[in-house]
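S.K.: Just dropping this structure here.
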Amino acid sequence: MIRSMTGYGRAEALVDGRNILVEIRSVNHRYFEFSSRVPRAYGFLESRLKAYLQGKLSRGKVDVNVSIQTMEGSNANVQINQELAASYVEALRTLKEPLGLTDDLSLSTISRFSDIFTVSRESEDEETVWADVLQVADEAAGRFVQMREAEGAKMKEDVEGRLDFILQAVEQIEERSPKTVEEYRARLYNKMSEVLGNTQIDEQRILTEAAIYAEKIAVAEETVRLRSHIDQFRAIMKQGGPAGRKLDFLIQEFNRETNTIGSKAQDIEIARIVVDVKSEIEKIREQIQNIE
């Protein structure tokens, strides 16, 4: 299936105490170009995400955004500075007798001194984190590829219509080309009649000149090759997969044959058809610039 290089996919899920969000977007580019934004603590994910997406895409400028929020306390390690807590207790009790206070010290009292607590995060296993992120990335990538395929289907439909137009134009050129030779022969005969008057006209000379003219303006080879290019173009689109570079090469051949027809065929009607064909070729070229 033909795929566009433009796409977007997003997925979010709570996995193993982590709220993970993955966004993938892309635009057209000649080659595969990757950039990402991941939390600083998870920098190791960048190379893995790049390799993962390279296995799914061949071209496009791809940007990935990953957000990972660890749920509160899910991997927290709390330590208490008991010596500092004891110092607080001892200092408070020195105030009991001088101030005539009741000794009502309790655990809740000591817990108000936040500096006795140290909260640290447990180190996270890279393979476990990657497995969790990959689970969400798979879902985002599925939606991302689905959008690229939907866009590609629309582009293919548009290009098919333009190929039909070009094929019809080729048929018109093939029908018109022999008539130009006959018209040339008739003009040559009339001109010689006008110049020579009643003198006998050399019919063989006219036939020879017409044959030379016919060979000069013959475009049969070009129209046959153009038809062949159209068949190849359609076969590549039908085959699917990465096809942008092949189609880009073929569209250059479309232009080459069409330009040759325009330069050889010395006829206003064919020239008009050639202009229309070149316009359609340019529109196809613009479309395939965004095909993977």
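S.K.: What is the fewest-to-most order of S47, S4 by other Cβ atoms lying within 10 Å of their Cβ?
M.R.: Listing S47, S4 from fewest to most nearby Cβ atoms yields S47, S4.
S.K.: What area, in nm² and to one decimal, does the C-alpha convex hull of the range 76-121 cast on average over all directions?
M.R.: Answer in nm², one decimal: 3.3.
S.K.: Students often forget the sequence filter, so: which lysines lie under 24 Å Cα-Cα from K278 once same-chain residues fewer than 8 apart are removed?
M.R.: Those lysines meeting the cut-off are K154, K156, K179, K216, K238, K246, K264.
S.K.: Right, next: Report the Cα centroid-to-centroid distance between the range 33-103 and the range 122-156 in angstrom, as an integer.
M.R.: 25 Å
S.K.: Would you mind getting me the FRET efficiency between D138 and A271? Use the beta-carbon distance for r and R0 = 41 Å, nearest 0.05.
M.R.: 0.15
Each reported figure results from applying straightforward, stated rules to the coordinates on display, with no laboratory input. Here the structure is a predicted model, which is why all the values come from computation and not from measurement. Neighbour counts are summed over all protein chains in view; Cβ atoms, including those assigned to glycine, are modelled from backbone coordinates with ideal geometry.
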